[in-house]
Amino acid sequence: MSFKVIKSGFLSLIEDYGRFGFAQYGLCQSGVADEHAYCWANHLLENHFNDAILEITFGGCELKALTDSFIVVTGADLDFKIDGKTQPLWQVISIKSGDTLTWSVAKNGMRTYLAVKGGFQTDQLFNSRSVTLREQIGLQLMEEDELLSHANSSKVVQHSIPSHFLPDYKPDLTLRLLPSYQFDQFDQQQKETFFNQRYAISGASDRTGCRLEGQRIQNIPSTMISEGISYGSVEITTQGLPIILLKDRPTIGGYPKIGTVFSLDLAKLAQNQSGSTVSFELIDIETAQKERRDFNTFFAIN
């Protein structure tokens, strides 16, 4: 199975679940921005949870199918069409050789996911197919590229996602925060400033981090020894504004961290464009662990 790239779009990347075990060498985790949409796409096709997909940001992408296969498109509504006809999201679709797949403009959300039966078979680098542009691992999709997938002629049951699992990509989020070990280094006034406002997502945000704009937190330390940072960490810069660290983040950082956004909430954040607002509330570790465990069990993530 393969596709020819007619138009690459604004930003189209091959991603899988991520690159693990290489942080000590300065390689970030990378992987899909919206884990919920990614996992459902592979699950509906009966793929392995780590099979590679195509992450399309803001649309403008056009592909031509060179063989018959089964696909699923999840995530944002970017006006997905086959041969000019609008297609459903979040369900298995049979495509034929010669079909033209297009994504135009974002109607809801900003990142959509194309999964194919068997997954895309790009080169593996450091145990992952994920593209990380900042570290020049893999390449951004370009016109005339050919995307290969694992040849698989087996039929797929025409699954679709149960309606109660469909996400709502509303523009105003409340993100649940696990307090970090530096949480108590922030005084009560600083915490009130952080939790009692809605921040706006900055246009400077990307797959490295989500920068937020709003009322500044005062008296943030100007210097700090750099240390390892995790996915979802919320750093407070010396300007008093938060940065939520995402999949393509550096492996170390030197700003104090007030907490870490619960991983499953970051999938919703990945679908919010600049100008949308977010606020924060605390979540306890037991609740976060149960939700994470249930999610991993359902999708057979190990």
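Just a few scattered comments:
- Selected residue (only one of 226, 202, 153 is modelled with pLDDT of 95 or more, on the phi < 0 side of the Ramachandran plot and hydroxyl-bearing (Ser, Thr, Tyr)): 202
- Of the strands (runs of 3 or more DSSP E) lying entirely inside the stretch 136-240, the ones with 2 or more residues being assigned by TED's automatic domain parsing to the domain that holds residue 260 are found at 172-179, 199-201, 209-213, 233-236.
- So residue 9, is it outside the structural domain of residue 203 (by TED's automatic domain parsing) and either closer than 19 Å to residue 168 by Cβ or within 13 Å of the chain's Cα centre (by Cα) (or both): no
- In the set (1) farther than 21 Å from residue 28 by Cβ; (2) surrounded by fewer than 18 Cβ atoms within 10 Å (Cβ to Cβ); (3) among the hydrophobic types (A, V, I, L, M, F, W, C), residue 280 fails one condition alone, (2).
- Filter result (crowded, with 16+ Cβ neighbours inside 10 Å and part of a loop (DSSP other than H, G, I, E, B)) within the stretch 126-135: 128, 129, 130, 131
- Restricting attention to the stretch 263-286, the residues being under 21 Å from residue 76 (Cα atoms) and hydrophobic (A, V, I, L, M, F, W, C) number 6.
- Candidates 241, 245, 282, filtered to the one that is under 23 Å from residue 169 (Cβ atoms) and either in contact with a Cys (Cβ under 9 Å, 6 or more places away or on another chain) or in contact (Cβ under 8 Å) with a residue 24 or more places away in the chain (or both): 245
- Considering the stretch 1-117, the qualifying strands (runs of 3 or more DSSP E), each wholly inside and each with 1 or more residues that are surrounded by fewer than 22 Cβ atoms within 10 Å (Cβ to Cβ), run over 2-8, 11-15, 61-65, 69-77, 92-95, 100-103, 108-116.
The values are calculated or read from the model by the stated rules, or taken from the named source; none is laboratory data. Model, not experiment: these values are computed from the prediction. FYI the Cβ positions are ideal-geometry reconstructions off the backbone, even for glycines, and counts take in every protein chain you see.
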